[in-house]
1. Of all residues in segment 46-62, count the ones that are in a strand (DSSP E or B) and either open to solvent by less than 60 Å² (accessible area, probe 1.4 Å) or free of Cβ contacts under 8 Å to residues at least 40 places away in the same chain (or both).
2. If you take the residues in segment 72-91 that are part of a strand (DSSP E or B) and of a type outside the set (A, V, I, L, M, F, W, C), which one is surrounded by the fewest Cβ atoms within 10 Å (Cβ to Cβ)?
3. Specify which of the listed residues (GLY65, GLY35, GLY42) is under 10 Å from the mean Cα position of the chain (by Cα), small (Gly, Ala, Ser) and either in a loop (DSSP other than H, G, I, E, B) or within 18 Å of VAL5 (Cβ to Cβ) (or both).
4. Name the residues in segment 30-44 that are farther than 21 Å from GLY65 by Cα and surrounded by 13 or more Cβ atoms within 10 Å (Cβ to Cβ), would you?
5. Identify the single condition in (1) outside any strand (DSSP E or B); (2) surrounded by 12 or more Cβ atoms within 10 Å (Cβ to Cβ) that GLY15 does not satisfy, given that it satisfies every other one.
6. Among the residues that make up segment 21-44, is at least one of them over 14 Å from TRP105 (Cβ atoms) and touching a Cys at 6+ places or on another chain (Cβ under 9 Å)?
7. Can we say ILE69 is touching a Gly at 6+ places or on another chain (Cβ under 6 Å), crowded, with 17+ Cβ neighbours inside 10 Å and not aromatic (Phe, Trp, Tyr)?
Amino acid sequence: QVQLVESGGGLVQPGGSLTLSCAASGIIFTPSVMGWYRQAPGKQREFVARIFSFGGTNYADSVKGRFTISRDNAKNTVYLQMNSLKSEDTAVYYCNSVVAGADYWGQGTQITVSS
C-alpha cells in the first residue's frame with residue numbers, strides 16, 4: 001500500500017522560509033511525478049509545484065522564484081523549499097505522487113504565515 005508522509009509544516013513569519021518533505025513508501029516503481037498542492041480555507045485545492053522522474057519541474061506562477069522543488073529518487077522523497085513566504089501562502093499543503101498511472105495523496109501539513 002502506497003503511503004505519503006509529509007513533514008515540515010508549521011508557523012512562520014512573513015518573509016521567512018520553510019522546507020517540506022514527503023516520503024513515499026510501499027511503492028515498487030519510481031514515481032513518475034511527485035508534487036505539491038495546497039488548499040487555503042474556503043478555496044479549492046491548487047497546484048503548487050511538480051517534479052518529474054527525469055528532473056523536469058513545473059511551478060505555479062504564484063510561487064515561481066520563491067519555491068524550489070527537488071527529489072531524491074533513491075529515497076522516493078520530494079522536498080519543497082519555500083522562501084519569502086507570504087500570508088497568502090497559508091494553506092494545508094498536500095504531497096502528490098503518480099505511481100504506475102495512479103494518484104496518491106498525503107494527509108496534508110498546515111503552513112501558517114503570520115506575524
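The values are calculated or read from the model by the stated rules, or taken from the named source; none is laboratory data. Because the structure is predicted, anything quoted here is derived from the model rather than measured. Using ideal geometry, Cβ is built from the backbone for each residue, glycine included, and neighbour counts are taken over all protein chains shown. Only protein heavy atoms, including side chains, enter the accessible area calculation; ligands, DNA and RNA are left aside. Shrake-Rupley method; radii C 1.70, N 1.55, O 1.52, S 1.80 Å.
1. 9
2. Result: ASP72.
3. GLY35
4. Selection gives THR30, PRO31, SER32.
5. (2)
6. The answer is yes, given that some residue of segment 21-44 is over 14 Å from TRP105 (Cβ atoms) and touching a Cys at 6+ places or on another chain (Cβ under 9 Å).
7. Answer is no for this residue.
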